[in-house]
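The values are calculated or read from the model by the stated rules, or taken from the named source; none is laboratory data. Predicted, not measured: the structure shown is a model, and the values here were computed from it. Methodologically, a virtual Cβ is constructed for each residue, glycine included, from the backbone with ideal geometry; neighbour enumeration extends over all protein chains shown.
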Amino acid sequence: MRQEPGLKRFLVLSILFAVPVDSALLLIAHFGSDQALRNYTDAASFIPLTVATIILFIVVRKTTEKSLKKTTMFLAIGFLLQVAFSLVWIYYWQIINREGLPDVSIGDAFYLGSYFFWTAATIPYFNRYRTLMSRGSLGALAIYSIGAAIILLMTLRYWYDAALLYDYSWFTTAVWLAYPVAATISLFFMIALTLLYGYERYGRGLLANYWLYFLSPIMIIALADNLNGYYFVLSGNYVPGRLDDVLYLAGYAVAIAAGLTIVMSKLDTASVLPSVEEHILNDRSVRITKGRGMIVEDPKSKLSFKLFARLIAPEESDIRRDGYILSRRAPAIIREEFGFKNVMITWMASGSGQDAVDPTKPGLMAHAIMEFLSKTKNGVVILDGIESVMVHNDFNRAVRMLEQINDFVMQHQGYLIVPVDPKAFNSRERAILMKNFETLAVRTVDF
């Protein structure tokens, strides 16, 4: 598979930043004094972290798509809290020359808070796409979860016994135990998102590697935290060869590489700005936004199919767009009624077949639409029969499927038309649909 320029840039910058920083660490550890090593480690932690955090906030300013802007802000705040912890560390070790940090301090709140924000940035995307994960990705997460759970239980038992031995308060004990838990949970979601966006390619252009760029340094930091605690518990010794510090500094250096890669990329591929098209149906103007789904209150779906036909072949234009129909009606009936000869049609019907998909499996329907959109430019999709999905599943699952599809429509700047029967939804359900999608009522167009 051909690597994207942004990914190549990220890999090159990561090596250019991480290798010198870690090489200097290892050289000082071998030839220098303990004080020189501590001074270098503190400086090499604080400076790259600060630079990476500044770059991340620059990315926040340059990103215009709301959900991505919020996500990047959460990631940036997480790195900012790491900077704050680094300052606390420097204060105790360098300024007041204390041999260690207090059992619990504000530094713990900063460090654990970074994992909170990093995890909070991933959960919404994981919730939206987790039902689409392949067996390979689910298997990788299962293997990680089993291994992490075993080691985590051993670690918690060790640190709990240590807390009892030193007669720590319940609060201090809880803070100590939170470290391996926070890192393990956060690492789970980071691996999941990297699999979805990096391995399974639920994204396009910059979005395809966005998570890989920013989760790589976070995963390295989380790995260092886990390694630090797990190795001591399993062996009774500290991590050999300064491996934990090597990972920490590498993570901070890679964070700079990630931020620079995004800043040097074309952010408009991540900031999808919608454009509005206007079409005349029955002498009435209908406005549809490219890159955003439209709910059409159209019980018989006739207006929806007419709009679909106009989008794939606009009047007085040489533009021809690829179209895809997923419908509860048989393909032969649709072709006969509307004359779609070269349009791909999938029948929403029980059982399985070459041109059929089971309505009890919304994940497969979402997969089919996403596959179509990923292979075409400005593709037009009509999803006729969302009520069938609700009958065989439930409203929340149907909405989650629509959100998954709508994300892909936005990323690929396609078109999505979803005809619905308003009587099939209660007022709360209609409000949810209208919040997430543009809405067109049949009564607004004489038909």
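May I ask you to list pairs of residues, at least six apart or on different chains, whose Cβ atoms are under 9 Å apart, with the first in region 155-169 being touching a residue at least 40 places away in the same chain (Cβ under 8 Å) and the second being among the hydrophobic types (A, V, I, L, M, F, W, C) and not in a helix (DSSP H, G or I)?
168/104
List the number of the failed condition for residue 143; all other conditions in (1) surrounded by fewer than 16 Cβ atoms within 10 Å (Cβ to Cβ); (2) over 29 Å from the mean Cα position of the chain (by Cα); (3) not small (Gly, Ala, Ser) hold.
Of everything listed in (1) surrounded by fewer than 16 Cβ atoms within 10 Å (Cβ to Cβ); (2) over 29 Å from the mean Cα position of the chain (by Cα); (3) not small (Gly, Ala, Ser), residue 143 misses just condition (2).
Can you find a residue in region 119-127 that is at negative phi and not in a helix (DSSP H, G or I)? Please lay out each step first, then the result.
In the first step, residues of region 119-127 are kept if they are at negative phi; the result is 119-127.
Applying the additional criterion that residues be not in a helix (DSSP H, G or I) yields none.
No: region 119-127 contains no residue that is at negative phi and not in a helix (DSSP H, G or I).
Take region 368-398 and flag every residue that is out of contact with any helix residue (DSSP H, G or I) (no Cβ under 6 Å at 6 or more places or on another chain) and either of a type in the set (Phe, Trp, Tyr) or under 21 Å from residue 197 (Cα atoms) (or both).
Those that are out of contact with any helix residue (DSSP H, G or I) (no Cβ under 6 Å at 6 or more places or on another chain) and either of a type in the set (Phe, Trp, Tyr) or under 21 Å from residue 197 (Cα atoms) (or both): 368, 371, 372, 374, 375, 376, 377, 378.
Can you find, within region 353-366, the residue that is modelled with the highest pLDDT among those that are in a loop (DSSP other than H, G, I, E, B) and more than 18 Å from residue 132 (Cα to Cα)? So that I can check it myself, show each step before the final result.
To start, the set of residues in region 353-366 that are in a loop (DSSP other than H, G, I, E, B) comprises 354-355, 358-361.
Still in the running and more than 18 Å from residue 132 (Cα to Cα): 354-355.
Working: 354: 67, 355: 78.
Top of the filtered list is 355.
Name the single residue, out of those in region 68-84 being surrounded by 24 or more Cβ atoms within 10 Å (Cβ to Cβ) and not hydroxyl-bearing (Ser, Thr, Tyr), that is farthest from residue 124 (Cα to Cα).
The residue in question is 82.
Go through region 162-196 and report how many residues are in a helix (DSSP H, G or I), of a type in the set (Phe, Trp, Tyr) and surrounded by fewer than 16 Cβ atoms within 10 Å (Cβ to Cβ).
We begin by selecting, within region 162-196, every residue in a helix (DSSP H, G or I); these are 162-165, 170-196.
Narrowing further to those that are of a type in the set (Phe, Trp, Tyr): 170-171, 176, 179, 188-189.
Retained after the next criterion (residues that are surrounded by fewer than 16 Cβ atoms within 10 Å (Cβ to Cβ)): 170-171.
Selection size over region 162-196: 2.
I'm checking my understanding of the structure. Among residues of region 284-333 that are surrounded by fewer than 17 Cβ atoms within 10 Å (Cβ to Cβ) and closer than 16 Å to residue 376 by Cα, which one is modelled with the highest pLDDT?
Per the stated criteria, the residue is 321.
Yes/no per residue for (1) in contact with a Gly (Cβ under 9 Å, 6 or more places away or on another chain); (2) at pLDDT 90 or above:
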position	(1), (2)
113	yes, yes
134	no, no
197	yes, no
203	no, no
206	yes, no
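If I go through region 300-333 residue by residue, how many of them are touching a helix residue (DSSP H, G or I) at 6+ places or on another chain (Cβ under 8 Å) and closer than 21 Å to residue 388 by Cβ?
Going through region 300-333 one residue at a time, the tally reaches 8.
Are any residues in region 294-342 farther than 23 Å from residue 406 by Cα and not in a loop (DSSP other than H, G, I, E, B), and if so, which ones?
331, 332, 333, 334, 335, 336, 337, 338
If you take just the strands (runs of 3 or more DSSP E) that sit entirely in region 367-447, which of them hold at least 1 residues that are under 18 Å from residue 298 (Cα atoms), at pLDDT 85 or above and assigned by TED's automatic domain parsing to the domain that holds residue 288?
Values: elements: 380-384, 415-420, 438-441.
Per the criteria, 380-384, 415-420.
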